[in-house]
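Okay, so here's the structure we're looking at.
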Ligand code: SF4
């Protein structure tokens with residue numbers, strides 16, 4: 001019996017890949033982390049509709065001294081895609097990105113302040 | 001519908017051991033909460049003390065299975081208790097309901113002939129503070145309060161020395177094992193008792209589900225336990241659809257069954273891989289893992305998510321599958337099915353593997369019935385229950401899946417049931433692909449998402465996941481907001497029996513095999 005298993009294992013060959021040495025892509029349509037098209041986002045609405053639907057609160061609005069910024073935390077994003085449908089301007093999309101390892105927490109956060117929104 | 005026997009004025013207390021005990025029931029009897037839609041669920045207001053008799057009367061007519069027992073804290077301070085029973089012969093559910101004062105007492109159903117209620121009552125004791133009078137171990141089940149032992153009385157502290165050894169195991173363990181803690185007590189090689197501490201993965205999912213906008217409930221539900229994501233989101237969607245009175249189109253129901261069976265298939269393959277890992281059959285472990293991975297990659301291609309999250313929405317499915325996707329499903333699942341079949345024969349004749357499984361962790365039919373276990377664990381102990389057959393949902397009324405029931409009750413029987421069911425799931429997927437080619441395209445129905453839920457109503461949904469039946473119960477308040485969301489997971493129903501079948505005839509090295517042969521989820525149970 002052990003020989004049967006051994007034979008089966010050998011016949012299967014090597015299936016593991018060379019990742020990460022050889023990069024791999026996920027299939028089209030696979031949902032990776034959300035990304036923000038900065039030129040589209042105007043951070044409108046209180047709160048904006050994307051923030052309302054985001055269950056893990058990966059999207060939030062930061063307000064300091066008249067500055068209004070949209071904050072997207074990729075560590076919290078569960079890639080559900082709900083914000084993509086919620087944004088009226090098509091500013092959010094789902095990427096194919098899954099390599100989210102980062103050397104600091106800050107690198108997992110994108111912040112966006114729309115142009116002309118700076119406090120006087 | 002109120003049962004004619006339900007006269008709230010008649011029963012005020014419950015008598016035990018000669019002395020009358022008054023239980024603080026409050027009026028009115030909450031049986032009037034209407035159930036939306038279907039004849040599948042009957043809700044009946046009845047004083048708790050009468051429940052055992054009421055069930056006994058029902059048992060004379062048809063088979064009755066305990067399904068759930070839970071409390072709902074009412075805004076005015078009372079607690080509504082609901083006992084949910086499955087009546088598989090007629091494909092119906094029966095819910096008995098009564099209302100008591102918060103922090104008060106009620107007659108324990110364990111004492112009234114429902115041994116399966118033991119953990120459910122202990123859970124309510126911890127979360128709602130209501131006290132079951134006559135319960136054998138009235139201690140909270142919640143983490144930090146008390147532990148869930150096979151027999152709490154036996155697990156008393158023992159004097160130091162002697163031959164008794166306590167092995168603590170978990171909650172942090174090697175690999176990707178979930179957090180749960182076992183206290184294993186041995187004398188020599190033999191395990192004489194086991195206690196199980198649950199709750200490390202408690203995230204308050206029921207509260208979250210009650211708080212989110214209801215169309216998002218399936219998105220939260222699928223995260224109760226990742227490998228049961230489709231089953232949980234299907235049960236959540238079913239509960240909300242019944243609440244709203246929404247009909248799901250045939251093609252969407254077929255797609256739901258397809259996703260459900262793909263989930264069962266990768267789970268069964270993963271289960272066998274882990275079980276082979278536990279017995280040291282390394283090549284078999286790798287072979288089953290390869291099959292699991294092939295299905296997960298298929299899921300990523302057709303649904304955008306390896307664990308099929310996001311596929312089920314209230315009212316139907318998120319996306320249809322086109323012909324190319326259906327071909328992909330067929331071309332992937334067919335070779336997986338054939339490989340699975342070949343592995344079944346190899347595993348069955350691997351004596352080193354079978355020796356470890358046979359007579360290990362035996363759960364008798366009597367115990368399985370007593371603790372109302374579900375899923376493959378029940379079917380491996382000879383208990384023929386399966387929500388796909390007993391309470392058809394999705395496309396199962398037409399599919400009629402075969403039940404795989406064996407008698408052994410040991411790890412070998414559980415493994416055998418899961419092997420046969422894996423093959424059966426692959427066959428169902430292939431059948432569904434052909435049916436989907438024929439079925440009419442998904443109609444463009446308006447999404448129910450903009451509607452408000454009806455007030456003071458109950459919606460109830462279920463689905464048979466790889467570990468058994470997942471139950472989701474939704475109650476709305478007067479304004480139509482979700483007032484109570486209850487999840488009874490298959491794992492919760494089975495852990496109780498697990499704690500009982502380990503001590504006795506098993507030795508310490510059997511433990512990982514018994515644990516793996518049950519294949520339960522901590523996250524699903526802890527919620
Ligand atoms: S994809 Fe989901 S989790 Fe991620 S930011 Fe959008 S809504 Fe939030």
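Report yes if some residue within segment B:300-319 is farther than 26 Å from residue B:217 by Cβ, touching a residue at least 12 places away in the same chain (Cβ under 8 Å) and within 14 Å of chain A (Cβ to nearest Cβ); otherwise report no. Within segment B:300-319, one or more residues are farther than 26 Å from residue B:217 by Cβ, touching a residue at least 12 places away in the same chain (Cβ under 8 Å) and within 14 Å of chain A (Cβ to nearest Cβ). Picking from B:363, B:453, B:419, which residue would you name as being farther than 24 Å from residue B:238 by Cα, in a loop (DSSP other than H, G, I, E, B) and touching a residue at least 60 places away in the same chain (Cβ under 8 Å)? Result of the check over B:363, B:453, B:419: B:363.
Using the structure shown, decide if residue A:95 is touching a helix residue (DSSP H, G or I) at 6+ places or on another chain (Cβ under 9 Å) and either within 15 Å of the ligand (Cβ to nearest atom) or more than 10 Å from every other protein chain (Cβ to nearest Cβ) (or both). Show your work before the answer.
Details: touching a helix residue (DSSP H, G or I) at 6+ places or on another chain (Cβ under 9 Å): no; either within 15 Å of the ligand (Cβ to nearest atom) or more than 10 Å from every other protein chain (Cβ to nearest Cβ) (or both): yes.
In short, no.
In this structure, is residue B:523 assigned to a helix (DSSP H, G or I) and not assigned by TED's automatic domain parsing to the domain that holds residue B:352? So residue B:523 passes the test. For segment B:101-131, the tally of residues that are touching a residue at least 60 places away in the same chain (Cβ under 8 Å), over 24 Å from the mean Cα position of the chain (by Cα) and surrounded by fewer than 21 Cβ atoms within 10 Å (Cβ to Cβ) stands at 3. Would you check if there is a residue in segment B:41-50 being touching a residue at least 60 places away in the same chain (Cβ under 8 Å) and assigned to a strand (DSSP E or B)? Taking every residue of segment B:41-50 in turn, at least one turns out to be touching a residue at least 60 places away in the same chain (Cβ under 8 Å) and assigned to a strand (DSSP E or B).
Quick one: in segment A:24-55, of everything that is part of a loop (DSSP other than H, G, I, E, B), more than 8 Å from chain B (Cβ to nearest Cβ) and modelled with pLDDT of 90 or more, which residue is nearest to the ligand (Cβ to nearest atom)?
Initially, segment A:24-55 is screened for residues part of a loop (DSSP other than H, G, I, E, B), giving A:24-33, A:37-48, A:54-55.
Filter once more, keeping what is more than 8 Å from chain B (Cβ to nearest Cβ): A:24-25, A:28, A:32-33, A:37-48, A:54.
Then keep just the ones that are modelled with pLDDT of 90 or more; that gives A:32-33, A:54.
Numbers: A:32: 9, A:33: 7, A:54: 3 Å.
By that ranking, first place goes to A:54.
In segment B:268-279, of all residues being more than 29 Å from residue A:31 (Cβ to Cβ) and surrounded by 20 or more Cβ atoms within 10 Å (Cβ to Cβ), the one that is nearest to the other protein chains (Cβ to nearest Cβ) corresponds to B:276.
Residues in segment B:329-352 that are surrounded by fewer than 17 Cβ atoms within 10 Å (Cβ to Cβ) and within 11 Å of chain A (Cβ to nearest Cβ): 6 in all.
Residue-wise test of (1) in contact (Cβ under 8 Å) with a residue 12 or more places away in the chain; (2) surrounded by 24 or more Cβ atoms within 10 Å (Cβ to Cβ); (3) within 14 Å of chain A (Cβ to nearest Cβ); (4) more than 14 Å from residue B:463 (Cβ to Cβ).
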residue: B:204; (1), (2), (3), (4): yes, no, yes, yes
residue: B:218; (1), (2), (3), (4): yes, yes, yes, no
residue: B:227; (1), (2), (3), (4): yes, no, no, no
residue: B:262; (1), (2), (3), (4): yes, yes, no, no
residue: B:265; (1), (2), (3), (4): yes, yes, no, yes
residue: B:281; (1), (2), (3), (4): yes, yes, yes, yes
residue: B:293; (1), (2), (3), (4): no, no, yes, yes
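For residue A:113, indicate whether it is away from the ligand (no atom under 12 Å from the Cβ), out of contact with any helix residue (DSSP H, G or I) (no Cβ under 9 Å at 6 or more places or on another chain) and either at pLDDT below 85 or within 14 Å of another protein chain (Cβ to nearest Cβ) (or both). Yes: the conditions hold for residue A:113.
So which residues in segment A:56-68 are within 14 Å of the ligand (Cβ to nearest atom), in a loop (DSSP other than H, G, I, E, B) and surrounded by fewer than 16 Cβ atoms within 10 Å (Cβ to Cβ)? Reasoning before the result, please.
Restricting attention to segment A:56-68, the residues satisfying the condition of being within 14 Å of the ligand (Cβ to nearest atom) are A:56-61.
Checking the rest, the ones that are also in a loop (DSSP other than H, G, I, E, B) come to A:56-58.
Hits for segment A:56-68 are A:56, A:57.
Residue check: residue B:286 meets all listed conditions (1) buried (at least 21 other Cβ atoms within 10 Å of the Cβ); (2) over 22 Å from residue B:376 (Cα atoms) but one, namely (1).
Would you point out the residue of segment A:75-92, among those that are on the phi < 0 side of the Ramachandran plot, more than 14 Å from chain B (Cβ to nearest Cβ) and surrounded by fewer than 19 Cβ atoms within 10 Å (Cβ to Cβ), that is modelled with the highest pLDDT? Explain how you work it out, then say what you get.
At the first step, the residues of segment A:75-92 found to be on the phi < 0 side of the Ramachandran plot are A:75-78, A:80, A:82-89, A:91-92.
Remaining after also requiring more than 14 Å from chain B (Cβ to nearest Cβ): A:75, A:87-89, A:91-92.
Keeping just the survivors that are surrounded by fewer than 19 Cβ atoms within 10 Å (Cβ to Cβ) gives A:75, A:88-89.
Working: A:75: 90, A:88: 87, A:89: 85.
Filtering segment A:75-92 for residues that are on the phi < 0 side of the Ramachandran plot, more than 14 Å from chain B (Cβ to nearest Cβ) and surrounded by fewer than 19 Cβ atoms within 10 Å (Cβ to Cβ), the one modelled with the highest pLDDT comes out as A:75.
Considering B:343, B:291, the condition of being modelled with pLDDT under 95 and on the phi < 0 side of the Ramachandran plot is satisfied by B:343 alone. Against the test of being buried (at least 18 other Cβ atoms within 10 Å of the Cβ) and modelled with pLDDT of 85 or more, the options B:89, B:98 yield a single qualifying residue, B:98.
Among the residues of segment A:1-15, write down those that are in a loop (DSSP other than H, G, I, E, B) and more than 10 Å from chain B (Cβ to nearest Cβ). The answer is A:13, A:14.
Among the conditions (1) farther than 29 Å from residue B:316 by Cα; (2) not in a helix (DSSP H, G or I), residue B:461 misses just one, which is (1).
Results for (1) out of contact with any strand residue (DSSP E or B) (no Cβ under 9 Å at 6 or more places or on another chain); (2) closer than 26 Å to residue B:371 by Cα; (3) at pLDDT 50 or above, shown as yes or no for each residue.
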| residue | (1), (2), (3) |
| --- | --- |
| B:6 | no, no, no |
| B:26 | no, no, no |
| B:29 | no, no, no |
| B:34 | no, no, yes |
| B:43 | no, yes, yes |
| B:69 | no, yes, yes |
| B:77 | no, no, yes |
| B:111 | no, yes, yes |
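Does residue A:71 qualify as being assigned to a loop (DSSP other than H, G, I, E, B), touching a residue at least 40 places away in the same chain (Cβ under 8 Å) and within 13 Å of the ligand (Cβ to nearest atom)? No.
The values are calculated or read from the model by the stated rules, or taken from the named source; none is laboratory data. Remember, it's a predicted structure, so these values are computed and weren't measured experimentally. Because the Cβ atoms are built from the backbone with ideal geometry, glycine has one as well, and the counts that use them run over all protein chains shown.
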